Every structure is written in structure tokens, then in C-alpha cells.
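Below is one structure, written out as C-alpha cells; the observations come after it.
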Amino acid sequence: MAQNTDGHEPLEEQLDEEEMLKKAQIDAETVLRKYDSESNTRTLTGFMARLVSAIAITFSLFQLYTSIFGVLDAHLQRAVHLSFGMALIFLLYPSRASWSKTSVHPFDILLSIIGAALPMYVVVNYGELVLRSGQIVPADMFVGTLGILMVIEGARRAVGWPIVIVAVLFMGYGFAGPYMPNILAHRGLDVGDVVSHLYFTTEGVFGIPLGVSSTFIFLFILFGAYLETTGLGKFFIDIANALAGWAAGGPAKVAVLSSGLMGMVSGSSVGNVVGTGSFTIPMMKKMGYSKEFAGAVEATASTGGQLMPPIMGAAAFLMAEFMGVPYIEVVKAAAIPAVLYFTGIWIGVHLEAKKNGLKGVPRDQLPKFKELFFERGHLALPLVGIVYLLVAGYSPTRAALAAILLAIVASFLRKSTRMKPIEIIQGLEKGAKGVLGVMIACASAGIIIGIVTKTGVGLKLAGALIDLAGGMLLPAMFFTMVTSIILGMGVPTTANYVITSTIAAPALIQMGVPLMAAHMFVFYFGIIADVTPPVALAAFAGAGISGGNPMKTGITASKLAIAAFVIPYIFVLSPALLMVNTTPMELIWAFATSVIGMVGLGTAMIGYLMAPVNILIRVMAFAGGITLIYPGVYTDMIGFGMLGLVLFIQIAKRRRQDAKAKLAQ
């Protein structure tokens, strides 16, 4: 690259790069609105903007107050939480795409008032509802029916059709029980049964998912909003550039590293693609990666962010509640599989770079790690703090509250990052708006859980899966995987986990799979739906920014995400990777052999190690990688033998290539 005498790029090239980044950011905004329903909100001005801000800030203050001084009774806490959320959803999300995005239609104002009032009916009449103990009067019937319909409509606007369709199908199943095939048949529910159970107990709309949203999830999303305000996202990208930008295929490795870091606090695969992809995808294309590969790398890494502790797309909190285990146990179990997932992507992009001779960015064009650390390293203190507090045994609520305070205090350590008072207030507004998609998805998931508990269909579906698998574990795992991927298509992370853990996990648990392994299994495959064609929202979002073919991008992303298709099988068959019933030495050995196994899988997927490989070598590399990932003395010996043979053949081939190159000179 030509340079000026001062060592910098020519002005024209700098301008071209700035234009490319600016265009990518515009494309990213369009992509976000297309593939992420949660981002498709109105941009209000004037009185309505101030009204929405006031409601959102009050919402955050209510959540902070109850977190500090003690939450209300479960039904009351969840009802107030839903009331605030419904008011905001109908003001921020238009009923139709054609309606104005800068003003609120009178119809939506009416729905906002009704949506806020219906949950408050539970609050106002709480004592009377408790005394009636499930017996509903006509007024309850009217409010409950309308309340369920409003939740479904709110979900349609804020998170899209997939979860609405699933919720409606389950409600239909509740009514159609007597007409179902034998294995799925039940006595049937009438409208009164459904309304009473779904709206006036804590097993439906106001169930555990909404309970977790109204406590832990809100605080962690508020924490994420303050981290974003401090500029942590840009810091992560700069740090990733400093650490990996110079290496072979540097920009792709930057995408993997920065997306993994952002995933620790992000709650959306598509949002993560857009947030980091608007910077990393143009860099990858500039360095020579194809459009499809660039989009796939970002999509795969961003999806992996949902698997990365401590937040895991907020599903970690739901897992802890559903399984009745301490939150830190979920974080510990998720750690090694998440690291292996990102290791697999890193190996894939490295081999792709070597295969195509792609270089990194010259070091003099990259930020310096030491300078970044001293200038903005303090921005990471809240993340370090929250991990420490969680490991030390503090409750997620206390840890999140402390981390929010630490994020604000840390910003004041340097003038360049210092939050202004208005930004602190805006953080309250941003946090409340950020929770809306999760909140309404949790309320909708509560409908699904309510029907499952009322009809017992979860155990029936588990029995059907086991029968289909002939009582054998591996086929049962395969059918559970397919079910989880289908159920996870287009559904937000939290609702995704609720659905898969309710419908698919019981089959594995009935077959003796440890509880943690069964829940992690369905969670992984529900999440990986975001990069699995034909409905691969994260891959399609990456293609939207890169300009590549969406389906090719999805297929490439599936190859890069091979670890996510393999590792869940391994930790079900041998839970050592989840730190369950294992010793430190066994854990270290299992991790080391798994990393080597990932090299074998990467070789098979990319078709390159030290030189191009043929189909036979790819099959050997894949088999060797699988056997090394599966813990066990004999499998490790087989895996080392097969990969050792692959390496020997590759070294010999590379030497022949080098010899030919020398002769040609």
C-alpha cells in the first residue's frame, strides 16, 4: 500500500475507508430493522418523546427501588413490570410498518393505556383474587382474555411472528385436546380454565420467565446500557484489533474476539452482528475475504455471544431458576463449551486465511494495546467486578446493582469517558427500552409453559421423542437437536430457551441425562438456529451488511459453527466439559484434547491445514477431531493417531510444494 512520507495512508485511501465504514453503518441500521424486530421502533419527537422517556425512566427507577429495598410479592412485581412494558411497547412499536415512525397513531395510544391497565387490574384486586383462589368472575374473564390477547399482540410487534405462532398453537392445543391423536390427547380445556390459569396464577403469563425478567434480567440489561454509554463496545473492537489485527486473516480474528467480548453483555445475536459487524465486515472484505465468509464469521461469532457467560442472552438466569441451582453453577458449566466454540471459529478463520494467503493489517496501522489499556482500560472494571462478585457468591441482583454503580463510577476515572448527568438519566431510559423485547418474549413464553403444565404435554412429547428414537440415547439426542433447532428459529434467546427446555429437554432427562447437560443441550441447539439455514437470522443479517448471498452465508456459518453441533453431544455423553463430576486434571486433559480436536474439525470444514487436503484427509481429520473431543483414553488414542497421520501427510505434501517452488525459481 502506497504511503505518504510521514508513514500514513494517502488521504484518498483514508477517505475511501471512512466512506466504506459509513456505508456499512448505514447498511447495518437497515439490516437491524429488517432482521431484529426489537430494533424496529419509532423515533419520536416533541411531547410523545418526553412522555415515553418519563415512562421508561420511571420503569427503571421502580426496578432499582424494588431491587434495593426488596421485591414485591411475585404476582405484584411481575404485574407492575408487565404494565410498564406494555405501555412502552404500544407507544414505541407501530401496529403496521406503513404507519408513521415519528408520531404515535391514536389507536396505539389507546392500546398503550389498555395494555398498562390490564396488569394493574391484578395489582388493584390482588387481595380479592387470592381469596377467590382461582374462581374467576365475569370481570376477571374479560380482563384475562383481553390481557392474553394484548400480550400476543405486543409480542407480534416487538419480537415478531415466530413466538406468536408457537404460543397460539399451544393455546389451540389446550382447547383441542379431545380431538388429538392418542399420545397427545387430553380432556381439553375450556376458555375459563385457560384464562384463569394463564392470567391469574403465576404459572402462565406471570410465570417464572416474567419473574426473572422483572428481577435479574432487567438489571443486567440496564448494566449493559451503561456499559454501552461508556464506549465499552468500541474499546472491545480496538482491543481486538491491537491483539489480533496483525495476524493472518486479522480482521476475521478481530470479529471473533470482539463479538465474543460483546456477547458477554449482549442479548441478541442479530444486534451483536450489527454492532460489531459494521466495523469488522468491511475490514474483512478489504483484506480479501469473500462477502459470504465475512458475513458468516461475524454471524457465527455473534451467535456464540449468546453462549458466553456471564449473561448468555439472559438465559443463564432462567436456567438457574428452572433447574433450582445457584446461578454461578450455570456460568461454570457454560464456560468451557463457550471457549471451545470460539476456539473452533478462530481455527476456522485462521485456516481460511492461510488457505487463501490473506495477511493481517500492518501493525503501524493498528491501535497500540498499551496505550488503549491506559487510556480506556478502566471501562472494563465493571465487567471484572461483576464476574468477581458472582464467583464470590453474591446474588445476581446484588452483583448487577454493584456493577451498574461501578460502571458509572469507572466512567469518571478519565475525563474522556466521563458520563454527564444527562447520560446517566438517558441510561435509565435506554435500559427500560432495551428490556421490552425480552419482557414480552418472557410473557409469551409463560403462555406456552402454562399450557404445558395444564395439559401435561411436555411429558407426552418427551415420550413421543423417546418412542421415535426406539429408547436409544443417540437417536433421541438427534431428534431433540432437530426439535430444538426448529423451535429456536427466529425466537429471541430467552424465549428460545424457555420453549426448548419445556418441550425438548424432558426427553433427555427421562433417559437419565444429567439435568444441567440436558438443559445446555437444548439451549445450544436453540441458539445455533440463528446460523442454521433456512431461517438463519444472524447469518442473513451478516449477509445484509457484507452484500453476500444469504443462503451461502448461512451454509458457511454452519460450517464455522461446527463446534456447536458437536460439543453438546459430547457433554451429554461425558459431562466433564460442564465441570460435572470431574477432577481438575481430568478437566484440563479434556479441554486440551478438545482444542486439538477442534483443529481436526477445522481442517475438515475448511479443507486446509498446512496445504490443501482431499476428501479422504478431510474425513480422517473430522473423525480424529470427534474422537479427541469425546473424553476417554481409547478415543484420545484413536484421535491422536488419526490426526498424527493427517499431520504427517500434510508435512510431506508441504515439503513437496516447497521443493517445487524452489525448482521453479
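The numbered conditions (1) under 28 Å from Phe216 (Cβ atoms); (2) β-branched (Val, Ile, Thr); (3) open to solvent by 10 Å² or more (accessible area, probe 1.4 Å) are all true for Val482 except (1).
When you scan region 129-136, do you find a residue that is within 17 Å of Gln77 (Cβ to Cβ) and either surrounded by 21 or more Cβ atoms within 10 Å (Cβ to Cβ) or in contact (Cβ under 8 Å) with a residue 40 or more places away in the chain (or both), even just one? Yes - at least one qualifying residue is present in region 129-136. For beta carbons closer than 7 Å, sequence separation of 6+ or different chains, a first residue in region 425-439 that is over 17 Å from Phe90 (Cβ atoms) and touching a residue at least 60 places away in the same chain (Cβ under 8 Å) and a second that is among the aromatic types (Phe, Trp, Tyr) and open to solvent by less than 10 Å² (accessible area, probe 1.4 Å), the qualifying pairs are Gly427/Tyr226.
Is it the case that some residue within region 567-583 is in contact (Cβ under 8 Å) with a residue 12 or more places away in the chain, surrounded by fewer than 24 Cβ atoms within 10 Å (Cβ to Cβ), more than 29 Å from the chain's Cα centre (by Cα) and farther than 28 Å from Lys354 by Cα? Checked against the condition, which is being in contact (Cβ under 8 Å) with a residue 12 or more places away in the chain, surrounded by fewer than 24 Cβ atoms within 10 Å (Cβ to Cβ), more than 29 Å from the chain's Cα centre (by Cα) and farther than 28 Å from Lys354 by Cα, region 567-583 yields no hits at all.
In region 139-146, is there at least one residue being among the acidic types (Asp, Glu) and touching a helix residue (DSSP H, G or I) at 6+ places or on another chain (Cβ under 6 Å)? No, that holds for no residue.
Any residue at all in region 410-423 that is of a type in the set (A, V, I, L, M, F, W, C), in contact with a Lys or Arg (Cβ under 9 Å, 6 or more places away or on another chain) and at negative phi? Within region 410-423, one or more residues are of a type in the set (A, V, I, L, M, F, W, C), in contact with a Lys or Arg (Cβ under 9 Å, 6 or more places away or on another chain) and at negative phi. Going through (1) crowded, with 24+ Cβ neighbours inside 10 Å; (2) aliphatic (A, V, I, L, M); (3) more than 24 Å from Val274 (Cβ to Cβ) one by one, Ala543 falls short only on (3).
Could you go through region 57-71 and let me know if any residue there is part of a loop (DSSP other than H, G, I, E, B) and farther than 17 Å from Lys433 by Cα. Yes, region 57-71 has at least one match. Contact map, region 159-172: residues that are within 19 Å of Gly85 (Cα to Cα) and open to solvent by less than 30 Å² (accessible area, probe 1.4 Å) paired with residues that are of a type in the set (Lys, Arg) and assigned to a helix (DSSP H, G or I), Cβ distance under 8 Å, separation 6+ or inter-chain. Pairs shown: Val164/Arg156.
So that you can scan it fast, the table gives a plain yes or no per residue for (1) more than 31 Å from the chain's Cα centre (by Cα); (2) in a loop (DSSP other than H, G, I, E, B); (3) at positive phi:
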| residue | (1), (2), (3) |
| --- | --- |
| Ile163 | no, no, no |
| Val166 | no, no, no |
| Asp193 | yes, no, no |
| Phe206 | no, yes, no |
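Mind checking whether some residue in region 592-615 is out of contact with any helix residue (DSSP H, G or I) (no Cβ under 9 Å at 6 or more places or on another chain), polar (S, T, N, Q), outside any helix (DSSP H, G or I) and free of Cβ contacts under 8 Å to residues at least 40 places away in the same chain? Yes, because at least one residue in region 592-615 is out of contact with any helix residue (DSSP H, G or I) (no Cβ under 9 Å at 6 or more places or on another chain), polar (S, T, N, Q), outside any helix (DSSP H, G or I) and free of Cβ contacts under 8 Å to residues at least 40 places away in the same chain. Applying the set (1) open to solvent by 30 Å² or more (accessible area, probe 1.4 Å); (2) out of contact with any Ser or Thr (no Cβ under 8 Å at 6 or more places or on another chain); (3) small (Gly, Ala, Ser) to Ala74 leaves exactly one unmet item: (2). If the condition is being more than 30 Å from Glu321 (Cα to Cα) and part of a loop (DSSP other than H, G, I, E, B), then region 94-133 contributes Pro94, Ser95, Arg96, Ala97, Ser98, Trp99, Ser100, Lys101, Thr102, Ser103, Val104, His105. Among the residues of region 456-515, write down those that are within 19 Å of the chain's Cα centre (by Cα) and at positive phi. Within region 456-515, Gly490 is the sole residue that qualifies.
Within region 80-111, the set of residues being within 25 Å of the chain's Cα centre (by Cα), more than 13 Å from Arg157 (Cα to Cα) and open to solvent by less than 20 Å² (accessible area, probe 1.4 Å) comprises His81, Leu82. Considering only residues of region 516-540 that are more than 17 Å from Gly490 (Cα to Cα) and open to solvent by 10 Å² or more (accessible area, probe 1.4 Å), which is nearest to the chain's Cα centre (by Cα)? Residue satisfying both the conditions and the ranking: His519. Looking across region 379-421, the residues that are part of a helix (DSSP H, G or I), open to solvent by less than 60 Å² (accessible area, probe 1.4 Å) and either closer than 20 Å to Ser213 by Cβ or touching a strand residue (DSSP E or B) at 6+ places or on another chain (Cβ under 7 Å) (or both) come down to Ile386, Leu390, Pro396, Thr397, Ala399, Ala400, Leu401, Ala403, Ile404.
When the residues of region 191-218 are narrowed to those that are of a type outside the set (Gly, Ala, Ser) and under 22 Å from Met312 (Cα atoms), which ends up most open to solvent (accessible area, probe 1.4 Å)? Among those that are of a type outside the set (Gly, Ala, Ser) and under 22 Å from Met312 (Cα atoms), it is Ile208. Identification of helices (runs of 4 or more DSSP H) wholly contained in region 461-556 with 1 or more residues that are out of contact with any Cys (no Cβ under 9 Å at 6 or more places or on another chain), closer than 21 Å to Tyr569 by Cα and aromatic (Phe, Trp, Tyr) yields 473-488, 493-503, 515-527. Every condition in (1) open to solvent by 30 Å² or more (accessible area, probe 1.4 Å); (2) more than 20 Å from Phe170 (Cβ to Cβ); (3) not in a helix (DSSP H, G or I) holds for Arg187 except the one numbered (2). Of the residues screened, Thr556 is not one that is within 17 Å of the chain's Cα centre (by Cα), among the β-branched types (Val, Ile, Thr) and either over 21 Å from Leu351 (Cα atoms) or open to solvent by 10 Å² or more (accessible area, probe 1.4 Å) (or both). Can you work out which of the residues in region 616-665 that are assigned to a loop (DSSP other than H, G, I, E, B) and in contact (Cβ under 8 Å) with a residue 40 or more places away in the chain is farthest from Asn356 (Cα to Cα)? If we take residues in region 616-665 being assigned to a loop (DSSP other than H, G, I, E, B) and in contact (Cβ under 8 Å) with a residue 40 or more places away in the chain, then Gly632 is farthest from Asn356 (Cα to Cα).
Restricting attention to region 362-392, the residues that are over 28 Å from Met287 (Cβ atoms) and touching a residue at least 12 places away in the same chain (Cβ under 8 Å) add up to 10. Test Val513 against the stated conditions and say whether it is among the hydrophobic types (A, V, I, L, M, F, W, C), surrounded by fewer than 24 Cβ atoms within 10 Å (Cβ to Cβ) and free of Cβ contacts under 8 Å to residues at least 60 places away in the same chain. Judged against the criteria, Val513 is a match.
The values are calculated or read from the model by the stated rules, or taken from the named source; none is laboratory data. None of the values given here were measured: they were computed from a predicted structure. Here Cβ is always computed from backbone atoms with ideal geometry, including for glycine, and neighbour counts include all displayed protein chains. With ligands, DNA and RNA removed, areas are computed over all heavy atoms of the protein, side chains included. Shrake-Rupley method; radii C 1.70, N 1.55, O 1.52, S 1.80 Å.
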